[in-house]
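In what follows, a single structure is set out as structure tokens and then discussed.
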Amino acid sequence: QVQLVESGGGLVQPGGSLRLSCAASGSIFNINAMGWYRQAPGKQRELVATTLRGGRTNYADSVKGRFTISRDNAKNTVYLQMNSLKPEDTAVYYCLVAAAMHNYWGQGTQVTVSS
């Protein structure tokens with residue numbers, strides 16, 4: 001059974017940093033992409049960043065220059081380094097592992113940016 005375990009969320013002041021991690025366990029074959037989405041209260045879930053198998057990355061305009069996505073293929077783990085955090089970054093962050101036959105989602109981790 002595949003399981004995604006997220007960690008690293010929390011409360012941080014504006015301008016601060018957090019690093020999210022998402023480790024996938026179980027049998028996952030042919031991972032095409034790994035990424036992060038977020039959902040703020042009353043809003044739809046939105047893309048934050050993705051990294052494709054070949055290393056290409058994609059970011060939402062709102063986080064470009066502040067967030068960096070990376071992955072460790074040997075560990076089936078994806079990271080999101082978040083710098084210069086803003087109150088509007090407050091949301092539940094979900095990791096996604098897109099495999100050939102199925103998409104897997106993490107349980108979500110809360111990120112709150114507030115003074």
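At 0.36 nm per residue, minus the direct Cα-Cα distance, what do residue 60 and residue 29 gain on full extension? Give it in nm, one decimal, please. Provide the component values of the computation, followed by the final result.
Values: separation 31, 0.36 × 31 = 11.16 nm, distance 2.68 nm.
The span from residue 60 to residue 29 would gain 8.5 nm if fully extended.
Going by average Cβ neighbours within 10 Å, how do the peptides 85-94, 38-47 rank, with the highest at the top? Could you put the intermediate results ahead of the total?
Details: 85-94: 17.9, 38-47: 12.0.
Highest mean packing first, the order is 85-94, 38-47.
Estimate the FRET efficiency between residue 52 and residue 13 by the formula 1/(1 + (r/R0)^6), using the beta-carbon distance for r and 30 Å for R0, to the nearest 0.05.
Working: r = 33 Å, r/R0 = 1.10.
Efficiency at R0 = 30 Å is approximately 0.35.
Accessible area per residue, 1.4 Å probe, Å², for the stretch 31-115: what's the number?
Numbers: 4530 Å² over 85 residues.
Using a 1.4 Å probe on heavy atoms only, each residue of the stretch 31-115 averages 53 Å².
Expressed in nm², what is the orientationally averaged projection area of the convex hull enclosing the Cα positions of the chain?
For the chain, the mean projected area of the Cα convex hull comes to 6.8 nm².
Compute a Gaussian network model of the chain, connecting alpha carbons closer than 10 Å, and tell me which residue from 21, 70, 84 fluctuates the most.
84
Subtract the Cα-Cα distance of residue 101 and residue 39 from 0.36 nm times their separation in residues, and report this length gain in nm to one decimal.
Details: separation 62, 0.36 × 62 = 22.32 nm, distance 2.47 nm.
Extending this stretch completely gives an extra 19.8 nm.
Using a simple spin-label model with points 7 Å from Cα along the Cα→Cβ vector, what separation in nm is obtained for residue 84 and residue 3?
With each label point 7 Å from Cα toward Cβ, the separation is 3.8 nm.
May I ask you to list the aspartates and glutamates whose Cα is less than 14 Å away from that of residue 43, ignoring any residue fewer than eight positions away on the same chain?
88, 89
Pick from 16, 35, 26: which residue has the top mean-square fluctuation in a GNM of the chain where Cα pairs under 10 Å get a spring?
26
The values are calculated or read from the model by the stated rules, or taken from the named source; none is laboratory data. Fair warning: this is a prediction, and the values are worked out from it, not measured in the lab. Cβ atoms come from the backbone with ideal geometry, glycine included; neighbour counts cover every protein chain shown. Areas reflect the complete protein model, heavy atoms only, side chains present, ligands, DNA and RNA absent. Shrake-Rupley method; radii C 1.70, N 1.55, O 1.52, S 1.80 Å.
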